[in-house]
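See structure below.
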Amino acid sequence: MTPPNSIPPAAQDKTGFVPSLGLLPAVVISAAVAGPAAAQTTQTTQEPIVLETIEITSQTDGEAATDYRVTSGSSPKMTAPLVDTPKTVTVITQRQMEERNATSVVEVLRTTPGITLGSGEGGTPMGDRPFVRGYQAATDMMIDGIRNLGRTSQEAFATESVEVVKGPGGAYSGRGATGGSINLVSKQARQGETFHELSETLGSADHTRLTYDGNVDFGDGWAGRLNLMWQDSGVAGRDVLQDDREGIAASVSKSFGTSLLSLNLYHSKTDATPDLGVPMGNGDYRPELSGGRRFGSGTKSDPWLPIELADKSAFYGSALRDYREVENNSAMLKFEHEFSNNFKLHSTLAWIGSEQEYIMSRPSVVAEMVSPGRGQPPEPNPNWDPDANLANRDLRSGKKKNSALAFHTALTGDFDTGSVKHDFAAGIELSREKLRSATATGSPSIPVTDIANPNPYDPVTGSLTWSAWGTPIQTDTKALYLFDTLTFNDQWSLNLGLRYDRYEVDDGTRSRTDNMLNYSAGVVYKPAPNGTIYLAFGTSSNPSGECAGMAGGADGASACTLGDGNVNLEPEESKSIELGTKWEVMDGQLLLTAAVFQTEKKNARVNDEFGTVALLGHNRARGFELGAAGQISDRWGLSAGYAFVDAKIIDNGFTGGGAAGDGVPSADNGNYLQFVARHSLGLWTTYEIDERWTVGGGATYTGKRYLDTSNTSALPAQWRVDLMAAYKLTESAEIQFNVNNVLDERLYDASHVGIFANRAPGRNVTAKLNYRF
């Protein structure tokens, strides 16, 4: 997505280390290498335009709007076409998002193989929390290549594509990225094109959504694009819930000579009812009170499962207490200049901000005995009823504000050294990220409720107020990188990447500085002009504090926050190896991919035998992926993938350790990593029956996901089936029908600690009218 309003004053404080206007390096490099213009073709983030004798084209060249695949990545760091890039890159294009009626990033990711979802709660904020190839990537989400640290919820109305770059990406995206990173590519103003598209969608749960996407070429090198969105909606298959949204995104560009300057502004706001789903079975749930229905026994072979007693539409929260408000804003100024000798400069100055506030209910089974506090013996629970299965609806709340100011600049180009051709990208990245939190005072409560018949309208007792914003957690990053694709001949090439990061984090009480060096290397062999075989290696680093303020448990062994237990520890390090192949078939219209991989972390943060956090842990994810994207024929399109991810804990340290060193090896050794499905499959295909009718459909399979490292609770394997049909009324108007979750299955997105299970929407029927002029 991209970005609105001008940068607010709050985002400008203490940012003197960022170059003025972000364009000083552009002036320096321009003076060093500028020369007379010559006709050539390069890649940028714009559609084809003519700048005197220089043509600047988009990385995707508009492919994302019309195809299931793109031929090149959006980042200048990708120095080769995707078919020749030695890593797995999954791109979900605008065409697929629109055909599937996916209106948020979560909806996009939940149908993408190899990605599963986690949940926020209280200390871990609500928001998009994907896991890629077994490892969390919530803090590895980018907007047009700029990291968006804030855990928020992203809309899709201004998104052209979603790029998932898989495998450790320390060289590509910096800190984190153990399993991969996710980049949201925004819709940009297009030179040389004018269009307007209005859409209205009506559907289940009183769903109404209006969008506008318009682009105008004003002439004399000026172009502008405007995207608008308004939504008033419930949630299909669920009672009480609301999901209202509004947004605006504007992009304007000006070409002059061999340069292009663009400004992108973005704003979105969501007012929704938060929902943590249904309670999980546990030892306090009694089957004899529910007609003998069991939901697991809490073992690895028979884990606790979501309790499915109530109607599928039941809501365990409070219609009178729970709310969630999210606001996202950003502004990006981009400058591109093409030099005469195959060099091109890309500079971006960006501000990204988000703010969210919520109160929600965490459902859990009422226990017979409860502990009054840490280290205290259990005592009888006054809410226990021997004649009923009841659910708690504990209060969870959060209020956070995130901002990031970043400057990226890169010089790209090509040159020869003897018979070897080099396609390179060299750049610097500077950023300052701040995260502020407010503290809640008060505890508005609601009574426990019958698990089989929850009442969301029970009275609320008490109220809650928020404090002023607390001391910000500040993260400063300074990075240098170099990528080079060395082409030796028509068959052999070598892709190299190196990145140095100086990473500093300060939470007002503790601080830490790390210097991290990561690399990537891939050998590519082309047995035929349309196919490649590659072998790639890569590393990544996870420093203490990389998600400071975005996760609870600051003193926990495995926490990525900044705590007393980990502030003095070096970063965790991951290494990967991937063997893959990519083939363009059907006259280059269809891309087939396959890869086997292993990512391993041998110094994970765990407790040692003395109960001290140490870099002794060992975990690993290995598996394989298959993919297909493009056109089987002019009428038949396909996007499909399958991922097998075997993500395991090899060594989780010790439990019960103390000064005597009497800890015992963790019982979790050998278990599966939480939230990760071993098997996942996604299929989407459409067929144009004639000039007016297009039909399509797809299926998504997600295997069983354990919700804790002890593997005692899990979400069951599930299938989702979707259908669509589109009819062209005129050359300018089309109506599209979608039925998602056709079989109205009970689907589960995620969990946080295995106490509850997030519900996905039920059957959702929509009709969308598109009018283009």
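Considering only residues that are assigned to a strand (DSSP E or B) and either in contact with a helix residue (DSSP H, G or I) (Cβ under 6 Å, 6 or more places away or on another chain) or surrounded by fewer than 23 Cβ atoms within 10 Å (Cβ to Cβ) (or both), which ones fall in segment 263-287? Let's see the steps before the verdict.
First, pick out the residues of segment 263-287 that are assigned to a strand (DSSP E or B): 263-272, 278-280.
Within segment 263-287, Leu263, Leu265, His267, Lys269, Thr270, Asp271, Ala272 qualify.
Residues checked against (1) of a type in the set (S, T, N, Q); (2) crowded, with 24+ Cβ neighbours inside 10 Å:
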| position | (1), (2) |
| --- | --- |
| Ser297 | yes, no |
| Ser318 | yes, yes |
| Phe335 | no, no |
| Lys344 | no, no |
| Ser347 | yes, yes |
| Met360 | no, yes |
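Only one of these is under 30 Å from Leu263 (Cα atoms) and assigned to a loop (DSSP other than H, G, I, E, B): Ser313, Ser301, Ser340. Name it.
Numbers: Ser313 fails: under 30 Å from Leu263 (Cα atoms); Ser301 fails: under 30 Å from Leu263 (Cα atoms).
Among Ser313, Ser301, Ser340, only Ser340 is under 30 Å from Leu263 (Cα atoms) and assigned to a loop (DSSP other than H, G, I, E, B).
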Legend entry - Pick from segment 316-337, criterion aromatic (Phe, Trp, Tyr) and part of a strand (DSSP E or B), ranking: nearest to Val240 (Cα to Cα): Tyr323
Legend entry - The lone exception for Arg151 - which of (1) within 27 Å of Asp239 (Cβ to Cβ); (2) touching a Ser or Thr at 6+ places or on another chain (Cβ under 7 Å); (3) modelled with pLDDT under 95 it fails: (2)
Inset, instruction - Quick one: Asp634 ticks every box in (1) touching a Gly at 6+ places or on another chain (Cβ under 9 Å); (2) farther than 22 Å from Ala536 by Cα except a single one, so which number is it? - result: (1)
Inset, instruction - Please enumerate the residues belonging to segment 655-702 that are among the hydroxyl-bearing types (Ser, Thr, Tyr) and in contact with a helix residue (DSSP H, G or I) (Cβ under 9 Å, 6 or more places away or on another chain). - result: Thr686, Thr694
Inset, instruction - Looking at (1) in contact with a strand residue (DSSP E or B) (Cβ under 8 Å, 6 or more places away or on another chain); (2) under 27 Å from Gly698 (Cα atoms), find the lone condition where Ala559 falls short. - result: (2)
Legend entry - Residue count for segment 751-763, restricted to those that are surrounded by fewer than 21 Cβ atoms within 10 Å (Cβ to Cβ) and over 23 Å from the mean Cα position of the chain (by Cα): 1
Inset, instruction - Could you figure out which of (1) buried (at least 19 other Cβ atoms within 10 Å of the Cβ); (2) more than 30 Å from Asp484 (Cα to Cα); (3) without any contact (Cβ under 8 Å) to a residue 40 or more places away in the chain; (4) not aliphatic (A, V, I, L, M) isn't true of Thr194? - result: (1)
Inset, instruction - Take the residues in segment 128-144 that are surrounded by fewer than 24 Cβ atoms within 10 Å (Cβ to Cβ) and in contact with a helix residue (DSSP H, G or I) (Cβ under 9 Å, 6 or more places away or on another chain), then tell me which one is modelled with the lowest pLDDT. - result: Asp128
Legend entry - Filter result for the condition that a residue is of a type outside the set (A, V, I, L, M, F, W, C), farther than 26 Å from Pro287 by Cβ, modelled with pLDDT under 95 and surrounded by fewer than 21 Cβ atoms within 10 Å (Cβ to Cβ), over Thr439, Thr417: Thr439
Inset, instruction - Would you be able to say whether some residue in segment 610-618 is out of contact with any Asp or Glu (no Cβ under 8 Å at 6 or more places or on another chain), on the phi > 0 side of the Ramachandran plot and either of a type outside the set (Lys, Arg) or part of a strand (DSSP E or B) (or both)? - result: yes
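Out of the residues in segment 249-272 that are among the hydrophobic types (A, V, I, L, M, F, W, C) and more than 21 Å from the chain's Cα centre (by Cα), state the one that is farthest from Glu107 (Cα to Cα). Before the answer, list the steps.
From segment 249-272, those among the hydrophobic types (A, V, I, L, M, F, W, C) are 249-250, 252, 256, 260-261, 263, 265, 272; that's our starting set.
Restricting the remaining residues to those that are more than 21 Å from the chain's Cα centre (by Cα) gives 250, 252, 256, 260-261, 263.
Details: Ala250: 23, Val252: 28, Phe256: 39, Leu260: 34, Leu261: 33, Leu263: 28 Å.
Among residues in segment 249-272 that are among the hydrophobic types (A, V, I, L, M, F, W, C) and more than 21 Å from the chain's Cα centre (by Cα), the one farthest from Glu107 (Cα to Cα) is Phe256.
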Inset, instruction - Those residues that are surrounded by 19 or more Cβ atoms within 10 Å (Cβ to Cβ), more than 17 Å from Gly277 (Cα to Cα) and among the hydroxyl-bearing types (Ser, Thr, Tyr), I need them from segment 711-750; list them, please. - result: Thr712
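Answer yes or no as to whether Thr139 is assigned to a loop (DSSP other than H, G, I, E, B), among the polar types (S, T, N, Q) and out of contact with any Lys or Arg (no Cβ under 8 Å at 6 or more places or on another chain). So that I can check it myself, show each step before the final result.
Values: assigned to a loop (DSSP other than H, G, I, E, B): yes; among the polar types (S, T, N, Q): yes; out of contact with any Lys or Arg (no Cβ under 8 Å at 6 or more places or on another chain): no.
When the stated conditions are applied, Thr139 does not pass them.
The values are calculated or read from the model by the stated rules, or taken from the named source; none is laboratory data. The structure presented is a predicted model; accordingly, all values stated were derived computationally and were not measured. Methodologically, a virtual Cβ is constructed for each residue, glycine included, from the backbone with ideal geometry; neighbour enumeration extends over all protein chains shown.
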